[in-house]
1. Name the residues in the stretch 206-220 that are open to solvent by 40 Å² or more (accessible area, probe 1.4 Å) and in a strand (DSSP E or B), would you?
2. Do we have any residue at all in the stretch 318-327 that's in a helix (DSSP H, G or I), among the aromatic types (F, W, Y) and in contact (Cβ under 8 Å) with a residue 24 or more places away in the chain?
3. Evaluate the following for L160: is it away from the ligand (no atom under 16 Å from the Cβ), under 20 Å from Q67 (Cβ atoms) and in contact with a strand residue (DSSP E or B) (Cβ under 7 Å, 6 or more places away or on another chain)?
4. Hey, does the stretch 240-253 have a residue that's assigned to a loop (DSSP other than H, G, I, E, B), charged (D, E, K, R) and out of contact with any Lys or Arg (no Cβ under 8 Å at 6 or more places or on another chain)?
5. Given S275, S259, S286, which one is among the polar types (S, T, N, Q), open to solvent by 20 Å² or more (accessible area, probe 1.4 Å) and within 27 Å of the chain's Cα centre (by Cα)?
6. Quickly run through the stretch 131-155 and pick out the residues that are part of a loop (DSSP other than H, G, I, E, B), under 30 Å from Q351 (Cα atoms) and more than 10 Å from the ligand (Cβ to nearest atom).
7. Determine which single condition V173 fails, assuming it passes every other condition in (1) farther than 21 Å from Q351 by Cα; (2) within 16 Å of the ligand (Cβ to nearest atom); (3) not small (G, A, S).
8. I need every pair where a residue in the stretch 17-31 that is over 16 Å from I110 (Cα atoms) and within 16 Å of the ligand (Cβ to nearest atom) has its Cβ under 6 Å from the Cβ of a residue that is at pLDDT 95 or above and open to solvent by less than 30 Å² (accessible area, probe 1.4 Å), sequence separation at least 6 or different chains.
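The values are calculated or read from the model by the stated rules, or taken from the named source; none is laboratory data. Because the structure is a prediction, the values reported are computed rather than measured. Here the Cβ positions follow ideal geometry from the backbone for every residue, glycine too, while neighbour counts run over all protein chains shown. Accessible surface is based on the protein model in full, side chains and every heavy atom, while ligands, DNA and RNA are left aside. Shrake-Rupley method; radii C 1.70, N 1.55, O 1.52, S 1.80 Å.
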Amino acid sequence: MKAKTIILYLLLGASLLFGKPTIYILATGGTIAGAGTGKDATTSSYDSGKVLIQTILQALPADEISQYANLKSEQILQKGSQDITPSDWITIAKRVNDLLQQKDIDGIVITHGTDTIEETAMFLQLVIKSNKPVVLVGAMRPSTAISADGPKNLFDGIVLASSQESRGKGVMVTANGNIFSASDITKSNPVHLDTFKPANIGILGYMWNNQPYFLRTSNQLHTLNSQFDISSITSLPRVDIIYGYAGLDEKAVEASIHSGAKGIIIAGVGNGNISTSAQEVLIQASKMGIKVVRAGRMIYGPVTQWGEVDDEKYGFITSWWHTPQAARIILMLALQNGFTEVQSIQKLMLQY
Ligand code: GLU
């Protein structure tokens with residue numbers, strides 16, 4: 001072997017052994033980019049999505065970051081996550097898929113508002129075609145607050161995305177020192193730092209001293225094992241969520257049908273139960289070909305088939321492990337990808 005070739009192999013080996021991963025940060029806004037509206041850093045009022053990613057990154061210790069990763073960043077959106085739309089999910093997902101195809105990008109961190117971070121994470125979980133890490137981070141306190149939590153969450157996100165152990169784990173969220181699977185996370189408290197909770201199994205692991213400690217992996221299908229493809233789509237079908245409560249009548253369901261919804265998720269009471277008057281209209285909707293999913297208004301646990309409702313008779317689907325907002329994403333993608341049979345969509349709810 002020629003000396004030149006040997007040197008090239010040595011350089012390649014050295015970069016594989018010692019090269020730092022390149023992590024690409026996509027910023028979308030949210031409280032992590034929020035700026036206080038008051039005169040001090042201790043009160044709660046602030047505007048979400050004001051500070052650009054370059055400024056947020058300045059709050060991180062550059063020399064410590066440089067031990068873990070080379071960073072590149074891009075401001076893909078700038079809004080509070082209450083304004084994130086399905087069209088934004090598609091924009092973000094296509095950009096992530098393009099970036100992860102590049103050999104010199106090793107992982108992605110997305111900064112995002114916490115209100116709907118779980119929805120963007122779930123969408124990406126189902127449509128990203130790579131085993132490279134994708135991590136979403138947010139903050140409960142704006143960047144101008146004392147004890148802002150954004151810089152630590154972002155730092156943890158970068159470390160998590162640059163870890164070899166994170167490969168193949170699916171899309172994750174890290175917040176307050178915890179690591180969550182996108183398949184099992186929901187925001188539970190509007191004000192606490194410790195707001196994110198897994199609805200079923202538990203956290204994937206912890207971030208501690210700049211290292212991920214994984215306790216488990218998700219059994220749900222995701223990323224490379226997902227059959228959903230968004231490469232040629234530009235929109236998703238309308239799927240509404242209707243909240244269940246004592247005295248729910250047929251009006252909200254009728255409004256949803258008239259709005260042209262292709263699917264309705266009912267965040268039912270208890271095990272996805274529905275008042276008789278609303279259920280009668282949902283049965284009509286199901287006969288019209290609108291897909292009806294019984295989910296639940298409680299954070300924890302599954303909404304099961306074969307409870308008090310005869311799902312098979314009415315053509316209903318149940319959400320099982322999924323919050324109403326996660327079940328909505330599965331149904332939207334199922335409809336967009338040509339699933340029409342109730343049984344096959346029911347199977348997707350169990351698999352993803
Ligand atoms: N509404 C804000 C958002 O989701 C607040 C939540 C946050 O980022 O913590 O963007």
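1. We begin by selecting, within the stretch 206-220, every residue open to solvent by 40 Å² or more (accessible area, probe 1.4 Å); these are 206, 208-211, 213-217, 219-220.
Correct list: Y206, Y213, F214.
2. Kept after step one, since they are in a helix (DSSP H, G or I), are these residues of the stretch 318-327: 324-327.
Cutting the leftovers down to among the aromatic types (F, W, Y) gives us none.
No, the conditions are met nowhere in the stretch 318-327.
3. Details: away from the ligand (no atom under 16 Å from the Cβ): yes; under 20 Å from Q67 (Cβ atoms): yes; in contact with a strand residue (DSSP E or B) (Cβ under 7 Å, 6 or more places away or on another chain): yes.
Against the criterion (away from the ligand (no atom under 16 Å from the Cβ), under 20 Å from Q67 (Cβ atoms) and in contact with a strand residue (DSSP E or B) (Cβ under 7 Å, 6 or more places away or on another chain)), L160 qualifies.
4. Filtering the stretch 240-253 down to residues assigned to a loop (DSSP other than H, G, I, E, B) leaves 244-250.
Now narrow it down to the ones that are charged (D, E, K, R): 249-250.
From the residues that got through so far, the ones that are out of contact with any Lys or Arg (no Cβ under 8 Å at 6 or more places or on another chain) too are 249-250.
Yes - at least one qualifying residue is present in the stretch 240-253.
5. Numbers: S275 fails: within 27 Å of the chain's Cα centre (by Cα); S286 fails: within 27 Å of the chain's Cα centre (by Cα).
From the options S275, S259, S286, the qualifying one is S259.
6. Pass one, the stretch 131-155, residues part of a loop (DSSP other than H, G, I, E, B): 131-133, 138-149.
Okay, now just the ones that are also under 30 Å from Q351 (Cα atoms), so 131-133, 138.
Within the stretch 131-155, N131, K132, P133 meet the criteria.
7. (1)
8. Once the first residue is over 16 Å from I110 (Cα atoms) and within 16 Å of the ligand (Cβ to nearest atom) and sits in the stretch 17-31, no partner that is at pLDDT 95 or above and open to solvent by less than 30 Å² (accessible area, probe 1.4 Å) comes close enough.
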